[in-house]
Structure formats: structure tokens, C-alpha cells
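Report on the following structure.
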């Protein structure tokens, strides 16, 4: 399963979990015992309209997508 497919499966499981409040199905999505932490660099930008954030944007440094893909393949795939 590639990282995009894995995220899609997680998103579907999250929607099901939100509906039935059974959070146990997401336990494996949050980490794996013994896997090292993944550290990536970037910035988060927020614009405000009144008391609301519109939009919130995460901008990652070049190479982050490859680093995340390599990490997922090495430790979860």
C-alpha cells in the first residue's frame, strides 16, 4: 500500500470512527513501537477573518514528501 492509499484508508476509518465513537480502530495509525520519530521542516501560515482562521496552510520544505514516503515504506510497509 503506497502512502496515498494508506492515507485514504486512514481517512475512511476516521470517518467511521467519528460516526460510531470506536477509536480503537485508529490505534495503529498513530505510531509503531520501535519506529523512530519522523522530523520534517516547513511552516504553517494562517490568515484571519474576524475570530476565524481562513485559510490555514502548511508549506513543507522541498524533499519532505520523499522523506515521508521513504519513512512509511521503511517502517510501515
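Given points 7 Å out from each Cα along the Cα-Cβ axis, report the residue 39 to residue 54 separation in nanometres with one decimal.
If labels sit at residue 39 and residue 54, their model points lie 3.8 nm apart.
Quick one, which of [x] 15.6, 44; [y] 26.0, 88; [z] 18.0, 61 is the actual Rg and Dmax of the Cα atoms in Å calculated for this model?
Structure-derived value, by its label: [x].
Relative contact order of the chain, please, whole-number percent, based on alpha carbon pairs below 8 angstrom and at least 6 residues apart.
28
Stretched out fully, how many nm does the piece from residue 12 to residue 68 gain, at 0.36 nm a residue minus the Cα gap?
Details: separation 56, 0.36 × 56 = 20.16 nm, distance 2.04 nm.
18.1 nm is the gain from fully extending residue 12 to residue 68.
Say we join alpha carbon atoms closer than 10 Å with springs in a Gaussian network model of the chain; which of 38, 26, 56 then has the biggest fluctuation?
In this elastic network of the chain, the residue with the biggest mean-square fluctuation among 38, 26, 56 is 56.
Any read-out appearing in this document is the output of simple, stated calculations on the displayed coordinates, not a laboratory observation. Note that this is a predicted model, so its numbers are computed, not measured. Cβ: placed from backbone, ideal geometry, glycine included. Neighbour counts: every protein chain shown.
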